[in-house]
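Report on the following structure.
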Amino acid sequence: SMMGELRQGLEKGQFKFYYQPKVDIARGKVTTVEALIRWIHPERRFMPPDLFIPLAEQTGNIGRLTAWGLEAAISQSRAWSEKGIDVRIAVNLSARDLMDRHLPDTIAGLLAKHQVGHDRLILEITESAIMQDPVHAVGVLKQLNGMGMTLSIDDYGPGYSSLAYLKSLPVREIKIDKSFVLKLASS
C-alpha cells in the first residue's frame with residue numbers, strides 16, 4: 001500500500017528536496033548542495049528516506065522517484081542560476097537507475113529542457129550499486145562522464161571495492177562511509 005501511496009505522493013507534490021550545503025573551506029563559500037529527498041505524507045507525516053527508498057527499489061518504483069528527483073533538481077538549478085546563485089547540485093542514483101540504458105539520454109534531455117549545463121549536476125552512486133552489474137554500470141558511468149557530468153562514489157568503504165578497482169571508475173569524488181569516521185576522534 002505504501003508504494004501506491006508513493007505514486008500518489010509524487011502526483012500530489014508530497015516529495016521535496018532539502019538541500020544540504022557543501023562548503024569549500026578554502027574559498028569560504030557554498031559551491032555544491034546535495035539534494036536530500038523528503039516525503040511529507042498527509043497522514044504518516046515525515047517519512048524517512050530509509051523507510052521508502054528500499055521499498056521503491058524492491059518494487060521497481062525507484063524509476064519514478066528518480067525521474068521526479070532529476071526533474072526537480074535540474075529545474076532548481078536553473079531557478080538558482082537565474083537568481084545568480086552559482087552552486088552545483090548532487091543527486092543520488094540507485095542501483096536500478098544504473099541498469100537503465102536510457103538514463104544518460106534522459107538526463108541529457110532534462111538538462112537541455114531546462115538549459116542547464118552538464119557541469120552543474122553531480123551524480124552520486126553507492127559502490128554497492130556499481131557492484132550489482134559492474135560491466136553495465138561502468139558503461140553507463142562512462143557515458144555520463146563523457147557527457148561532462150561529475151560522478152561521485154557515495155558511502156565508500158563498507159565492503160565491496162578495492163582501491164585498484166576504484167581507479168578504473170570514471171569518478172572524481174569519493175565520500176567515505178560514516179562507519180569509518182564516526183569514532184575517528186576517539187579511536
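A35 passes every criterion in (1) of a type in the set (G, A, S); (2) part of a strand (DSSP E or B); (3) more than 24 Å from I174 (Cα to Cα) apart from (3).
Going by what's in this entry, would L110 be described as at pLDDT 80 or above and open to solvent by less than 10 Å² (accessible area, probe 1.4 Å)? Walk me through how you get there before you give the answer.
Numbers: at pLDDT 80 or above: yes; open to solvent by less than 10 Å² (accessible area, probe 1.4 Å): no.
No, not satisfied.
For D105, are the conditions met, namely being at pLDDT 85 or above, open to solvent by 10 Å² or more (accessible area, probe 1.4 Å) and within 18 Å of the chain's Cα centre (by Cα)? So D105 fits the description; yes. Search the range 8-20 for residues being farther than 16 Å from R88 by Cβ, open to solvent by less than 90 Å² (accessible area, probe 1.4 Å) and of a type outside the set (G, A, S), and hand back the single one that is modelled with the lowest pLDDT. This residue is L10. Of all the criteria given as (1) touching a Lys or Arg at 6+ places or on another chain (Cβ under 7 Å); (2) modelled with pLDDT of 95 or more; (3) open to solvent by less than 40 Å² (accessible area, probe 1.4 Å), the one not satisfied by A90 is (1). Here R78 meets the list (1) within 23 Å of Q14 (Cβ to Cβ); (2) of a type in the set (D, E, K, R); (3) modelled with pLDDT under 90 almost entirely, failing just condition (3).
So that you can scan it fast, the table gives a plain yes or no per residue for (1) open to solvent by 70 Å² or more (accessible area, probe 1.4 Å); (2) outside any helix (DSSP H, G or I); (3) of a type in the set (G, A, S); (4) in contact (Cβ under 8 Å) with a residue 40 or more places away in the chain:
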position: K22; (1), (2), (3), (4): no, yes, no, yes
position: F46; (1), (2), (3), (4): yes, yes, no, no
position: F52; (1), (2), (3), (4): no, no, no, yes
position: W68; (1), (2), (3), (4): no, no, no, yes
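Against the test of being open to solvent by 60 Å² or more (accessible area, probe 1.4 Å), modelled with pLDDT under 90, in contact with a helix residue (DSSP H, G or I) (Cβ under 9 Å, 6 or more places away or on another chain) and not in a helix (DSSP H, G or I), the options I85, I174, I125, I153 yield a single qualifying residue, I174.
Pairs meeting the criteria (first residue in the range 129-141 and closer than 18 Å to E173 by Cα, second residue modelled with pLDDT of 85 or more and hydroxyl-bearing (S, T, Y), beta carbons under 9 Å, at least 6 apart or on different chains) are A129/S94.
The values are calculated or read from the model by the stated rules, or taken from the named source; none is laboratory data. All of these numbers come straight from a predicted model, not from anything done at the bench. Because the Cβ atoms are built from the backbone with ideal geometry, glycine has one as well, and the counts that use them run over all protein chains shown. Just so you know, the surface numbers come from the protein's heavy atoms only, side chains and all, with ligands and any DNA or RNA stripped out. Shrake-Rupley method; radii C 1.70, N 1.55, O 1.52, S 1.80 Å.
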